[in-house]
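Participant: My questions all concern the structure below.
Bear in mind these aren't lab numbers, they're just calculated from the coordinates by the rules spelled out. Bear in mind that the values here come from a model prediction, so they are computed numbers and not experimental data. No Cβ is skipped: glycine too gets one built from the backbone with ideal geometry, and neighbour counts run over all protein chains shown.
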Amino acid sequence: MEILLLLIGMAIGALVVYVVLSTRISRIAKQQFDKWRAEREEDIKRNLDSAIRIEYESKLRQWMSENEERIRQDAAQRSTYVLTGRVGEHLAPFSTKYHFNPRDTRFLGSPVDLICFEGLTSEDAELAIHFVEVKTGKSGLTKPERRVREAVEGKRVFWHVLTLEE
């Protein structure tokens, strides 16, 4: 009977050891599996990101290659517009559309192109000051140009004398 109890005790002990070890092994196995899965997911994500980047860089290069001539022509055309506009700003006082005396006009360039002191060269004429913005093509006023226009229209124009000491 003692041997039977001893065997039963040993069996119960072995069962307890088995359950404890089985639980511990299952927990360790789950931890290792979760770690492995997270590493694999990160690898897959990295590989997918790389593949997408390579594919879209290739598509961008292909698009640039197919459209390079058009892009160059567009850039050259825009450059021509800018240069034409700048030349036009300087030559505007000599245009038939310019209604002021070119000798009364001063080139400023920015934020407005010209300031005309109408009547400046004629001592008996009343003096008037005109801000002139020259535009070519379909160009519109820039934000700084609009702000200057609004200041003039709002009569926020002032005269100051600055005397510098020697």
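Participant: For region 31-155, what are Rg and Dmax over the alpha carbons, in angstrom?
Facilitator: 28.8, 99
Participant: Student exercise: in the chain, how many lysine pairs 8 or more apart or on different chains have Cα atoms under 30 Å apart?
Facilitator: The result is 11.
Participant: Oh, and also: Between helix 143-153 and the chain, what is the angle of the helix's C-alpha long axis to the longest principal axis, kept within 0 to 90° and rounded to the nearest 10?
Facilitator: Relative to the chain, helix 143-153 is tipped by roughly 40 degrees.
Participant: Using the Karplus curve 6.51 cos²θ - 1.76 cosθ + 1.60 with θ = phi - 60°, what ³J(HN,Hα) values do you get for each residue of region 44-57, in whole Hz, with x for Gly and Pro?
Facilitator: Calculated HN-Hα couplings, in order: 4, 4, 4, 5, 5, 4, 5, 5, 5, 4, 4, 4, 6, 5 Hz.
Participant: Related question: Which is the longest part of the chain that has none of the chymotrypsin sites (Phe, Trp or Tyr not before Pro) sitting in a DSSP loop with at most 10 other Cβ atoms within 10 Å?
Facilitator: 1-157
Participant: Taking only C-alpha pairs under 8 Å that are 6+ residues apart, what is the relative contact order of region 1-146 in percent?
Facilitator: Here the relative contact order equals 13 percent.
Participant: Which of the GluC sites (Glu not before Pro) found in region 61-141 are in a DSSP loop and have at most 13 neighbouring Cβ atoms, other than their own, within 10 Å?
Facilitator: E123, E126
Participant: Here's something else I'd like to know. What is the Cα centroid distance between region 121-143 and region 69-113, reported in whole angstrom?
Facilitator: The distance from the Cα centre of region 121-143 to that of region 69-113 comes to 13 Å.
Participant: Okay, next question. Quote the convex hull volume per residue of region 1-56, based on C-alpha atoms, as a whole number of Å³.
Facilitator: Output value, Cα hull per residue: 40 Å³.
Participant: Mean residue ellipticity at 222 nm from the helices of the chain, using -39,500 (n - 2.57) per DSSP H segment of n ≥ 4 over the full residue count, to the nearest 500 deg cm²/dmol?
Facilitator: -23000 deg cm²/dmol
Participant: The chain: longest stretch without exposed trypsin sites (Lys or Arg not before Pro) (DSSP loop, at most 14 other Cβ within 10 Å), sites themselves excluded?
Facilitator: 1-96
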